[in-house]
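Step one of this worksheet: look at the structure below.
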Amino acid sequence: MVFGQIVIGPPGSGKTTYCNGLQQFLGLIGRKTAVINLDPANDWLPYECAVNIAELVRLEDVMNQYNLGPNGGLIYCMDYLMMNIDWLKNKLKPLEKDHYFLFDFPGQVELFTLHSNAKKVIDEMTTKWDYRLAAVHLVDAHLCSDPGKFISASLLSLNTMMHLELPHVNVLSKIDLIEQYGKLAYNLEFYTDLQDLSYLVDHLDQNPRMAKYRKLTEGLCELVGDYSLVSFTTLNIQDKESVADLMKLVDKCNGYIFSGIEGNMREFSKIAAGPLNWDYYRYPFFLSICFYRFFVSSPSLITGRYKCCCSRKVHGRQLTVWYIGLLVLRLDSF
Ligand SMILES: Nc1nc2c(ncn2[C@@H]2O[C@H](COP(=O)(O)OP(=O)(O)OP(=O)(O)O)[C@@H](O)[C@H]2O)c(=O)[nH]1
Ligand SMILES: [Mg+2]
């Protein structure tokens, strides 16, 4: 059975960083992970990407070809992906046996609140392919410092939950930075438990021009409260305990924990057992190769994508020797 996560959230909320951090974390606890980039605007990927939508369609090409803006272009790309869904299935098939999937989606919120194209892709995975997926919806924690923005983020989270109809975890990302944004109106539990959002109305901008929206805002807070669905958990991607807590929650959500309870407990016991060499800023192996190709190798070597060695002779010497030497250095530093 295939388990995984749909990683979504507004632009800059930390989706790609989360996929990168989680790939490293899961690698450390012994779970094989494949990250699938479904954001056609992602030109620079920090993680080891198993499948990249850029091989199928690129946002820049679509925008140029059809004279579209970034939003229209992304909608086109999602439609195009849905029309070529077999391409995705064929890429994922060899990984299905033993990999946990992380899908890095674009940040355009309308894809997950209004339009049906991204939802169709997700539905295909959950219904036809029988993948057990949970949506992990990241929201930047700095929004807590502005009551208006936080109410809006709560409404967005509710809307996304209703639209996607998936097991869902809302996350306040970058929680390590929250103190930098000043004192919050209430303590952090208020924002995570979301007991009564209407308390925030008194802390809204007191500008007289905004007074006319007060009733509307109160109504929106009441709406979120009436559904009683939205709550948040927190994440600091640099802290392995924080990542582990979120991971345990998601495992319950998508059912991974029930797929092999013993195995799952053994995985997490590795965190308690001893200090894991957790360094979120560590460059993945793949990036070391890119670094080498970019800075060290000659331009003609750069053309061979993902090439692990080269056979070019320079002044009668095989450059392969240097290349392998660099890899050994990298492995050493792991
Ligand atoms: N301090 C801190 N910074 C973070 C954390 N997560 C992400 N960031 C930073 O937030 C910025 C945006 O992160 P991305 O991962 O690119 O965000 P994204 O959601 O993928 O952005 P788009 O793909 O453009 O929608 C980067 O500079 C990250 O380093 C976190 O937990 N703590
Ligand atoms: Mg991203």
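Please treat every number below as a calculation from the coordinates, not as lab data. Note that the structure is a prediction, hence the values are computed from the model and not measured. A quick note on method: Cβ atoms are made from the backbone with ideal geometry, for glycine too, and the neighbour counts reach across all protein chains shown.
Given H placed 1.01 Å from N in the peptide plane, which residues other than close sequence neighbours of Gln5 have an amide H under 5 Å from its amide H?
It is Phe101, Leu102, Phe103, Ala134, by chain and number.
Counting other C-beta atoms within 10 Å, which of Met63, Met83, Met247 has the fewest, and how do the rest follow?
With the fewest neighbours first, Met63, Met83, Met247 line up as Met83, Met63, Met247.
Using modelled amide H (1.01 Å from N, peptide plane; none on Pro or chain starts), what sits under 5 Å from the amide H of Leu45, excluding residues fewer than 5 places away?
Counting only residues 5 or more places away or on other chains, the set is empty.
Quick one: Ser228, Ser259, fewest Cβ neighbours within 10 Å first, how do they rank?
Ser228, Ser259
Kindly write out, for segment 175-188 in residue order, the coupling ³J(HN,Hα) from the Karplus curve 6.51 cos²θ - 1.76 cosθ + 1.60 (θ = phi - 60°), rounded to whole Hz, with x marking Gly and Pro.
My calculation for segment 175-188 gives 5, 5, 9, 4, 5, 5, 9, x, 6, 7, 5, 9, 6, 4 Hz in order.
For Lys89 and Gln65, compute 0.36 nm times the residue count separating them, minus their Cα-Cα distance, and round to one decimal in nm.
Gain in length upon complete extension: 6.0 nm.
Cα gyration tensor of segment 3-273, axes a ≥ b ≥ c as square roots of the eigenvalues: rounded (a/c below 1.5), prolate (a/b > b/c) or oblate?
It comes out oblate by the Cα gyration axes.
Classify segment 151-205 as rounded, prolate or oblate, taking a ≥ b ≥ c as the square roots of the eigenvalues of its Cα gyration tensor: rounded when a/c is under 1.5, otherwise prolate if a/b is larger than b/c and oblate if not.
On the way: a/c = 2.29, a/b = 1.46, b/c = 1.57.
It is oblate, given that a/c is not under 1.5 and a/b is not larger than b/c.
Using each residue's phi in segment 216-225, evaluate 6.51 cos²θ - 1.76 cosθ + 1.60 at θ = phi - 60° and report the 3J(HN,Hα) Karplus result to the nearest Hz, with x for Gly and Pro.
Each residue's phi maps through the Karplus curve to give 4, 4, 4, x, 5, 4, 4, 4, 4, x Hz.
Please say if segment 45-88 is rounded, prolate or oblate, where rounded means a/c under 1.5 for a ≥ b ≥ c the square roots of the C-alpha gyration tensor eigenvalues, and otherwise the choice is prolate for a/b larger than b/c and oblate otherwise?
Judged from the Cα gyration tensor, segment 45-88 comes out oblate (a/c at least 1.5, b/c at or above a/b).
Going by how many other Cβ atoms sit within 10 Å of their own, how do Ile85, Ile178 line up, fewest first?
Details: Ile85 15, Ile178 20.
Neighbour counts put them in this order, fewest first: Ile85, Ile178.
Put a dot 7 Å past each Cα toward the Cβ at Lys212 and Lys97; how far apart are the dots in nm?
Reported label-point gap for Lys97 and Lys212 is 6.6 nm.
Between Asp202 and Met1, what is the label-to-label distance in nm when each label sits 7 Å out along the Cα-to-Cβ direction?
4.7 nm
Just subtract the alpha-carbon distance of Lys252 and Leu229 from 0.36 nm times their residue separation and send over the number in nm, one decimal.
Extra length from Lys252 to Leu229 when fully extended: 6.6 nm.
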